[in-house]
1. So, in the range 17-51, exactly how many residues are part of a helix (DSSP H, G or I) and without any contact (Cβ under 8 Å) to a residue 40 or more places away in the chain?
2. Keeping to the range 26-70, report how many residues are more than 17 Å from Arg2 (Cβ to Cβ), among the small types (Gly, Ala, Ser) and either surrounded by 14 or more Cβ atoms within 10 Å (Cβ to Cβ) or over 11 Å from the mean Cα position of the chain (by Cα) (or both).
3. Which one of the conditions (1) open to solvent by 60 Å² or more (accessible area, probe 1.4 Å); (2) modelled with pLDDT under 95 does Ala14 fail to meet, given that it meets all the rest?
Amino acid sequence: MREILDDHLALPIAEAARRMQVSRPSLYAVLNGRGAVTAEMALCFSKLAGGAPELYRHMQDNYNVWHARNELHATLTQIEPAGTSGQPPR
């Protein structure tokens, strides 16, 4: 989202926050990866920048899955998929 503001809209973050009617700290948090793109934020950003709000939520979901995959890497490698243990399903 930061690239959209910087490269495509050429809007300072403070101006984008004002137009979106969200607080600057909230927008900064989202752009810096410390805050989540809520449905409300996605709708506001969609109105400001164009594109479907689902696109911005999808970006958030991808970011969340990437972080979870990295955090759970050791655990995930130890999980045996169902149907591979030779045990019948329950």
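1. Residues flagged as part of a helix (DSSP H, G or I) and without any contact (Cβ under 8 Å) to a residue 40 or more places away in the chain within the range 17-51 amount to 21.
2. 2
3. Every condition holds for Ala14 apart from (1).
The values are calculated or read from the model by the stated rules, or taken from the named source; none is laboratory data. Here the structure is a predicted model, which means the values were calculated and not measured. As a convention, Cβ positions derive from the backbone with ideal geometry for all residues, glycine included, and neighbour counts pool all protein chains shown. Only protein heavy atoms, including side chains, enter the accessible area calculation; ligands, DNA and RNA are left aside. Shrake-Rupley method; radii C 1.70, N 1.55, O 1.52, S 1.80 Å.
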